[in-house]
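The values are calculated or read from the model by the stated rules, or taken from the named source; none is laboratory data. Here the structure is a predicted model, which is why all the values come from computation and not from measurement. Cβ coordinates were reconstructed from backbone atoms using ideal geometry, including for glycine residues, and neighbour counts include every protein chain displayed.
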Ligand code: T6T
């Protein structure tokens, strides 16, 4: 019995080595998480989940990311990671098209690629794709905005980051579709405006739009930085609380803005869960077990009323693990 247990443990150990791939006979347990941009509480929270799971599975995780959400900055980092031949790469690509080439290169070189948060158009890239159901999140934002204005008719505006970012593009699509089909009381004041992920730019955009359309009743800002800037801009224009703001994400500063009444609803994602799933799927790919091709994670609406509920507050993003 004891002998059998020792043999079984030995086999498990070998299976463990095979799981993480091998380089030069030694087990390669190196996994890299390439985030969309450094210092963003969304990605920090994802990193926390990934770290926790990697520790549990005995994988070595390192985290990298560009200083700006920009494929011309992220792509060379992906190539540099490829040179270190990690067993797996978890990556939030900066652009649906421009990120594809370096990702194909690292995948062809043998690293398992798992897309987290954002994707590329090329369906051959990535053994698994894990992201919030962003289209649904956009529809939830439209519903929240409609609730905030009590179903009133009026002009609304969408402020996003950059076209070509899969996550925010899907949120815009979900919001616009909901406006077209369900919340027909809303009229889009203008085409979607792009802040290039800069809060300052988002603040400028909304202030300029309020000059052009003083009767604007609401704004949907599609991610953390555009939402922070939009809320600041609405307040600076003297319309805080009057023009309703719904923002995506739930960073610590966004929660302060919710408390202050500068934003009325947030669509919080579950980045920690995305990180856990990212590592889980990478380990499955390395171990040759079943990999889930596509995983859609949930989002929830956070307001001043529910933000202190532990079932909600546990999803507020972290600025460190
Ligand atoms: O909204 C998240 C992420 O989902 C998106 O892809 C990029 O922006 C954030 O990181 C928030 O800043």
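Would you check which residues across segment 103-146 are without any contact (Cβ under 8 Å) to a residue 12 or more places away in the chain and not in a loop (DSSP other than H, G, I, E, B) and list them?
The one that is without any contact (Cβ under 8 Å) to a residue 12 or more places away in the chain and not in a loop (DSSP other than H, G, I, E, B): 108.
Quickly run through segment 49-66 and pick out the residues that are out of contact with any strand residue (DSSP E or B) (no Cβ under 8 Å at 6 or more places or on another chain) and not in a helix (DSSP H, G or I).
58, 66
Among 179, 168, which is in a helix (DSSP H, G or I), in the same structural domain as residue 250 (by TED's automatic domain parsing) and farther than 30 Å from residue 67 by Cα?
179
When both residues are 6+ apart or on different chains and their Cβ atoms are under 6 Å apart, which pairs have a first residue that lies in segment 209-236 and is within 16 Å of residue 255 (Cα to Cα), and a second that is assigned to a loop (DSSP other than H, G, I, E, B) and within 16 Å of the ligand (Cβ to nearest atom)?
From segment 209-236, the pairs are 223/161; 223/249; 224/249; 224/251; 225/197; 226/161; 226/195; 231/263.
Can you say whether residue 182 is in contact (Cβ under 8 Å) with a residue 12 or more places away in the chain and away from the ligand (no atom under 14 Å from the Cβ), as far as the supplied structure shows?
So residue 182 passes the test.
Which numbered condition trips up residue 72, out of (1) assigned to a helix (DSSP H, G or I); (2) within 14 Å of the ligand (Cβ to nearest atom)?
(2)
What number of residues within segment 211-254 satisfy the criterion of being within 16 Å of the ligand (Cβ to nearest atom) and more than 21 Å from residue 134 (Cβ to Cβ)?
Qualifying residue count, segment 211-254: 3.
Kindly evaluate residue 237 against the criterion of being in the same structural domain as residue 145 (by TED's automatic domain parsing), in contact with a helix residue (DSSP H, G or I) (Cβ under 6 Å, 6 or more places away or on another chain), over 19 Å from residue 176 (Cα atoms) and surrounded by fewer than 24 Cβ atoms within 10 Å (Cβ to Cβ).
yes
Only strands (runs of 3 or more DSSP E) wholly contained in segment 265-319 count here; list those with 3 or more residues that are more than 23 Å from residue 230 (Cα to Cα).
Ranges flagged: 294-297.
What do you reckon, is residue 115 away from the ligand (no atom under 16 Å from the Cβ), in the same structural domain as residue 69 (by TED's automatic domain parsing) and crowded, with 18+ Cβ neighbours inside 10 Å?
no
Just to be sure, is residue 181 over 27 Å from the mean Cα position of the chain (by Cα) and surrounded by fewer than 14 Cβ atoms within 10 Å (Cβ to Cβ)?
Here the answer is no, as residue 181 does not meet what is asked.
Which residue is surrounded by the fewest Cβ atoms within 10 Å (Cβ to Cβ), if the candidates are limited to segment 76-104 and must be in contact with a helix residue (DSSP H, G or I) (Cβ under 6 Å, 6 or more places away or on another chain) and more than 14 Å from residue 35 (Cβ to Cβ)?
79
What residue, of 227, 190, 202, 208, is in a helix (DSSP H, G or I) and closer than 25 Å to residue 150 by Cβ?
None of the other options fit; the residue is 227.
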